[in-house]
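Only the coordinates and a few stated rules stand behind these numbers; no lab work does. Just so it is clear, the model here is predicted, and its values are computed rather than measured. Methodologically, a virtual Cβ is constructed for each residue, glycine included, from the backbone with ideal geometry; neighbour enumeration extends over all protein chains shown.
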Amino acid sequence: MMSKLKLLIVEDEQAILQGLVDVFIYHGFEVDSADDGKVGLEKALTGKFALVLLDVMLPSMDGFTICNKIREQDKNLPIIMLTAKSSEEDIINGLTLGADDYIAKPFSVRELVLRVNTVLKRSKPHNHENSILQIGHIQIDTANLIQLNTANPYHFSRRELEILYYLQHNSARPVSREELLEQVWGYKQADAIETRTVDIHIAKLRRKIETDPKQPTLIVTIRGEGYRLIQTNK
């Protein structure tokens with residue numbers, strides 16, 4: 001018998017917490033929970049969980065701090081932020097700290113379950129032909145998620161590498177946001193999902209690989225069509 005995937009839900013509103021626990025147990029997961037930030041962090045760092053659902057506003061320690069501390073020790077544990085804040089600044093903050101996705105309250109339970117399943121699916125290790133990914137003048141060690149040819153290397157998330165690989169393999173044409181959501185995140189009917197996730201991940205990548213992120217030359221925006229990776233040997 002296959003063991004169930006185990007989720008950790010960190011949420012301080014008891015009605016929401018119990019509802020989420022019941023929903024994911026119904027969908028076949030094993031679920032643990034915490035209603036306090038510090039307790040949630042301690043549980044998250046045990047290595048027992050396949051994914052963490054993490055609220056932003058928590059007692060004793062907020063979700064942004066928890067996300068950052070998790071990423072300091074575990075760069076691969078999938079994290080989805082649950083937030084009542086839907087401003088661009090808060091979204092960027094969460095994703096910059098290493099969250100894989102976010103969903104704003106109030107949310108559809110069906111959409112949340114979809115997000116969890118697709119993040120889990122895409123978080124599985126991918127074997128690529130080359131252990132070194134070359135993007136322009138940037139070299140990335142894909143096994144260790146780190147830039148090689150610089151004195152102050154950036155670290156990359158698995159999701160960021162998947163985006164770069166997909167853009168590289170389709171560099172002859174622009175790739176739409178909807179296509180990235182479907183092919184990299186695994187969302188079906190991505191045009192029905194309201195999310196700035198793609199744009200924010202692209203912005204993060206530009207800050208890491210572009211000489212001038214405000215005037216990108218590697219990942220360029222094609223108005224009305226999406227993003228295109230410009231291949232260069234420089």
Taking the Cα-to-Cβ direction at Thr217 and at Ser60 and moving 7 Å from each Cα, how far apart do the two end points lie in nm? 5.1 nm
Lys and Arg at +1, Asp and Glu at -1: neighbours of Gly47 with Cβ under 11 Å from its Cβ sum to +2
Whole-number D in µm² s⁻¹ for the chain, Kirkwood Cα-pair radius fed into Stokes-Einstein, 37 °C, 0.692 mPa s: 177 µm²/s
With 0.36 nm assigned to each residue of separation and the Cα-Cα distance removed, Asn68 to Asn117 gains 15.4 nm
Before rounding to the nearest 500, sum -39500 (n - 2.57) across all DSSP H runs of length at least 4 in the chain and divide by the residue total; then give [θ] at 222 nm in deg cm²/dmol. -10500 deg cm²/dmol
For Lys214, counting only aspartates and glutamates whose alpha-carbon sits under 20 Å away and dropping same-chain residues fewer than eight positions off, the answer is Glu88, Glu89, Glu160, Asp199, Glu225
Beyond 27 Å (Cα-Cα) in this structure, taken from Lys43/Lys208; Lys105/Lys204; Lys105/Lys208; Lys69/Lys204; Lys4/Lys208, we find Lys43/Lys208; Lys105/Lys208; Lys4/Lys208
Under a point spin-label approximation (7 Å from Cα along Cα-to-Cβ), what is the Asp22-Tyr166 distance to one decimal in nm? 3.5 nm
According to the square roots a ≥ b ≥ c of the eigenvalues of the Cα gyration tensor, what is the shape class of the stretch 6-122, taking rounded for a/c under 1.5, prolate for a/b larger than b/c otherwise, and oblate for the remainder? rounded
